[in-house]
Amino acid sequence: MSESLRYKIVLWVVWVQIALLPIWLCMGCLIAHNQSWRWGLDTWVFIVGFLLGLVALPLGSGLDKPQFLKWWLRIDFCFTLILALPVLFVCSESLPTTVAEDDEYIVYSDNGFFANRNAYLARKTGLLAETIFDLWPYEGGQLKSGDYRFDKERGVFYGSKIYRIRQNGSRMWVIPLNRENYARNEDYVYHLIDSLYYAHGEWIDNDDATFILPESFTRIDYTHGNVKITDSISCDIDNAFTDSIAIYFNYPSSNKIRLPKDSVSNLSPTGVHNLIKQLKGGKQ
């Protein structure tokens with residue numbers, strides 16, 4: 001049996017490939033659901049381990065090897081060669097693309113399949129990125145520098161992206177980067193939220209928007225004319241009726257009420273905020 005340096009390298013390649021599989025599995029299992037590996041490190045670990053199957057057989061060609069090792073290298077090589085194109089295609093689609101970085105914050109996207117791309121705002125923590133907000137719908141295009149702003153002094157990330165799927169519409173968001181600064185600049189944030197909302201008033205029934213209020217960090221989601229509130233109470237507001245507004249409570253208890261449309265001034269973020277106060281106070 002050969003004791004050459006090339007034989008030892010072949011053995012190391014085989015063992016490294018075997019060792020990378022549990023490492024790759026652990027990388028996916030040991031992080032929280034809102035975390036991801038920066039630069040797609042977990043995907044690169046898989047790619048390296050997979051491609052080592054193409055290296056070991058040619059490297060060990062002509063060497064005196066145990067029968068088991070010979071068959072291992074042959075099977076590994078054939079398996080890797082057959083699956084190389086589909087596996088590499090899937091992996092390339094899974095690698096994240098950095099859209100923007102600003103000190104500890106990053107906006108990145110993943111390509112997904114069938115052009116269903118997603119983009120995320122995240123905080124960098126070493127080798128990990130901790131997702132703060134999902135900028136869905138990404139609508140298959142790339143965010144541009146004019147679509148968003150990092151305002152670290154006031155603790156705000158905000159922006160708007162126009163898309164043209166189904167009908168004209170947009171994706172808007174005003175969310176906290178730093179909760180303490182966000183709450184401290186309450187007046188500015190409310191003005192910013194209302195400004196973005198009214199700037200898209202003509203398309204509002206086709207918009208997707210998320211606003212987080214600085215007073216209580218209530219989340220308000222607009223989805224094509226409907227409104228969802230997430231706070232100490234959780235409810236959906238349906239504005240589709242001609243003479244009334246239906247409010248469906250999901251938490252802390254399930255219930256439904258209907259209010260006359262003229263009893264609600266409007267469903268802008270400020271109007272919804274006032275409605276939340278009324279609902280919390282038991283007023284109708």
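The values are calculated or read from the model by the stated rules, or taken from the named source; none is laboratory data. All figures in this text were calculated on a predicted structure; none of them were measured in a lab. All Cβ positions, even for glycine, are placed from backbone atoms using ideal geometry, and neighbour counts span all protein chains on display. When the accessible area is computed, the model is the full protein with side chains, heavy atoms only, and any ligands, DNA or RNA have been set aside. Shrake-Rupley method; radii C 1.70, N 1.55, O 1.52, S 1.80 Å.
Take W71 and tell me if it is exposed (fewer than 15 other Cβ atoms within 10 Å of the Cβ), under 23 Å from K124 (Cβ atoms) and modelled with pLDDT of 90 or more. Please lay out each step first, then the result.
Values: exposed (fewer than 15 other Cβ atoms within 10 Å of the Cβ): yes; under 23 Å from K124 (Cβ atoms): no; modelled with pLDDT of 90 or more: yes.
Against the criterion (exposed (fewer than 15 other Cβ atoms within 10 Å of the Cβ), under 23 Å from K124 (Cβ atoms) and modelled with pLDDT of 90 or more), W71 does not qualify.
Considering each residue of region 56-68, count those that are surrounded by fewer than 19 Cβ atoms within 10 Å (Cβ to Cβ) and on the phi < 0 side of the Ramachandran plot, and give that number.
9
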With respect to the numbered conditions (1) modelled with pLDDT of 95 or more; (2) out of contact with any Leu (no Cβ under 9 Å at 6 or more places or on another chain); (3) among the aliphatic types (A, V, I, L, M), which one is the sole condition not fulfilled by V45?
-> (2)
Taking region 129-172 as the search range and keeping residues that are at pLDDT below 60 and part of a strand (DSSP E or B), which one is most open to solvent (accessible area, probe 1.4 Å)?
-> R164
Number of the condition not met by S244 [criteria: (1) of a type in the set (G, A, S); (2) at pLDDT below 80; (3) within 28 Å of F157 (Cα to Cα)] = (3)
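Just to verify a result, which residue in region 1-11, among those that are loosely packed, with under 12 Cβ neighbours inside 10 Å and assigned to a helix (DSSP H, G or I), is nearest to the chain's Cα centre (by Cα)? Break it down into steps so the answer makes sense when it comes.
In the first step, residues of region 1-11 are kept if they are loosely packed, with under 12 Cβ neighbours inside 10 Å; the result is 1, 3-5, 8.
Next cut, assigned to a helix (DSSP H, G or I) only: 5, 8.
Working: L5: 46, K8: 43 Å.
If we take residues in region 1-11 being loosely packed, with under 12 Cβ neighbours inside 10 Å and assigned to a helix (DSSP H, G or I), then K8 is nearest to the chain's Cα centre (by Cα).
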Looking at (1) among the polar types (S, T, N, Q); (2) modelled with pLDDT of 90 or more; (3) under 30 Å from I132 (Cα atoms), which is the one condition that is false for S94?
-> (2)
Within region 26-81, residues over 35 Å from the mean Cα position of the chain (by Cα) and either assigned to a loop (DSSP other than H, G, I, E, B) or among the small types (G, A, S) (or both) come out as A56, G60, S61, G62, L63, D64, K65, P66
Could you look through region 227-269, keep only residues that are in a loop (DSSP other than H, G, I, E, B), surrounded by 15 or more Cβ atoms within 10 Å (Cβ to Cβ) and β-branched (V, I, T), and pick out the one that is farthest from the chain's Cα centre (by Cα)?
-> V264
Within region 187-214, restricting to residues that are at pLDDT below 90, assigned to a helix (DSSP H, G or I) and charged (D, E, K, R), the one that is least open to solvent (accessible area, probe 1.4 Å) is D194
Go through region 215-225 and count every residue that is farther than 15 Å from G155 by Cα, modelled with pLDDT of 85 or more and open to solvent by 50 Å² or more (accessible area, probe 1.4 Å).
-> 1
